[in-house]
1. When both residues are 6+ apart or on different chains and their Cβ atoms are under 6 Å apart, which pairs have a first residue that lies in the range 46-60 and is closer than 11 Å to residue 13 by Cβ, and a second that is among the aliphatic types (A, V, I, L, M) and part of a loop (DSSP other than H, G, I, E, B)?
2. How about the range 1-32: which of its residues are hydrophobic (A, V, I, L, M, F, W, C) and touching a residue at least 40 places away in the same chain (Cβ under 8 Å)?
Amino acid sequence: MCDCPRPCSFIRYSVALSASQLPSLASLPFTMKYLNFTDEKKLRENILELRVYFESDLVRRESHVAQYTAQTYLSSLGGQMGICMGASLISLVELLEALMYTGLVLSRRCLNKLRTVAQREQSKTDATRN
């Protein structure tokens, strides 16, 4: 078995073979007279009829197409990159949203502390006035 790659396209014809003895008994006298033979054995050894024909009118064509071409490879790669970039964009938006909420919580805490400090000082000043 050879390790040759399969051809991309080929045509296969089926072969059939049949044989018979010539000439037939019915046509033997006529053939001997027509071909000027006197010996029947010599005539049968020297005569041949060859007919070449197709067994069927059907022709089978096989073609092999590459399953993963450069075009499918590039489109697959582009799809993968698109998914990754889309996921990256979504992740980036989620990160920005988390940072925004964290900043909002921290700013509220700072404001609450400032208000508490301001209220204490206000209470001290009110207590010293009285």
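Quick note: the coordinates plus some simple rules give every number you see, no bench work behind them. Every value quoted in this text rests on a predicted model; they were computed, and no experiment measured them. Backbone-built Cβ (ideal geometry, glycine too); neighbour counts: all protein chains shown.
1. Hits for this filter: 55/16.
2. If the condition is that a residue be hydrophobic (A, V, I, L, M, F, W, C) and touching a residue at least 40 places away in the same chain (Cβ under 8 Å), then 8, 10, 11, 15 are the ones that fit.
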